[in-house]
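Undergrad: Can you read through this structure? Questions will come right after.
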Amino acid sequence: MSGTAPLAGHMMLRVAPATVPAGQVSLVVSNMGWRTHELVVLPLAAGASAGQRVPGADGRIDETASLGEMSNSCAAGAGDGIAAGAVGWDTVTLPPGNYELVCNLENHYANGDVPGSRGVLTSVDAHPRDPGGSANHINPAIDPRS
């Protein structure tokens, strides 16, 4: 199944945990839906909320400021999308701040109109990192309804 979604389809993204220490963060994305998906990490400006970006005519938002993308089935980094039932992953470096986690395939962001549909991740500089430099791990999941 392709990643293109009709407008007004329901999409949902869940993130656990929602807060991580600043630094290296490994994201493992599980596509529990039936469409192809991806995950793009975008910084949120101070005071901004998830869902405020405006999709263009192509049904996508600007991802110029992306800090990372997981869109490769059963592999790290960017690719052609994470197939239904598959996982993708990558490790990104997050300064302290808030980040919007989105699927930016055609119409997916625009369809994120249900509560909890867009993932928000907060990176905090609370404690010094361990000297071993291990990454923090989070597991975003794309809901089966998508």
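Undergrad: If we keep just the residues of the stretch 47-64 that are open to solvent by 70 Å² or more (accessible area, probe 1.4 Å) and touching a residue at least 12 places away in the same chain (Cβ under 8 Å), which is farthest from residue 77 (Cα to Cα)?
TA: Ranking the candidates gives 58 first.
Undergrad: With respect to residue 90, determine if the residue is in a strand (DSSP E or B) and either modelled with pLDDT of 65 or more or closer than 22 Å to residue 30 by Cβ (or both).
TA: yes
Undergrad: With (1) open to solvent by 70 Å² or more (accessible area, probe 1.4 Å); (2) of a type outside the set (Ser, Thr, Tyr); (3) in a loop (DSSP other than H, G, I, E, B); (4) modelled with pLDDT of 55 or more as the list, and residue 105 as the residue in question, which single condition is left unmet?
TA: (1)
Undergrad: Let me ask something else about it. In the stretch 45-65, is there at least one residue being basic (Lys, Arg) and modelled with pLDDT of 85 or more?
TA: There is at least one residue in the stretch 45-65 that is basic (Lys, Arg) and modelled with pLDDT of 85 or more.
Undergrad: What is the residue count in the stretch 63-87 for residues that are among the aliphatic types (A, V, I, L, M), within 12 Å of the chain's Cα centre (by Cα) and more than 15 Å from residue 27 (Cα to Cα)?
TA: 0
Undergrad: I've got another one for you. Identify all residues within the stretch 14-24 that are open to solvent by less than 20 Å² (accessible area, probe 1.4 Å) and either modelled with pLDDT of 90 or more or over 15 Å from residue 101 (Cα atoms) (or both); write none if there are none.
TA: Scanning the stretch 14-24 gives 22, 23.
Undergrad: Next question. Kindly provide the set of residues from the stretch 28-43 that are open to solvent by less than 30 Å² (accessible area, probe 1.4 Å), in a strand (DSSP E or B) and out of contact with any His (no Cβ under 8 Å at 6 or more places or on another chain), ordered by number.
TA: 39, 40, 41, 42 - these are the residues of the stretch 28-43 that are open to solvent by less than 30 Å² (accessible area, probe 1.4 Å), in a strand (DSSP E or B) and out of contact with any His (no Cβ under 8 Å at 6 or more places or on another chain).
Residue by residue, here is whether (1) in contact (Cβ under 8 Å) with a residue 40 or more places away in the chain; (2) surrounded by 15 or more Cβ atoms within 10 Å (Cβ to Cβ); (3) farther than 19 Å from residue 32 by Cα holds:
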| residue | (1), (2), (3) |
| --- | --- |
| 66 | no, yes, yes |
| 69 | no, yes, no |
| 72 | no, yes, no |
| 77 | no, no, no |
| 80 | yes, no, no |
| 85 | yes, no, no |
| 88 | yes, yes, no |
| 93 | yes, no, yes |
| 101 | yes, yes, no |
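The values are calculated or read from the model by the stated rules, or taken from the named source; none is laboratory data. Just so you know, these numbers come straight off a predicted model, no measurement behind them. Cβ coordinates were reconstructed from backbone atoms using ideal geometry, including for glycine residues, and neighbour counts include every protein chain displayed. All accessible areas refer to the heavy atoms of the entire protein, side chains included, with ligands and DNA or RNA removed. Shrake-Rupley method; radii C 1.70, N 1.55, O 1.52, S 1.80 Å.
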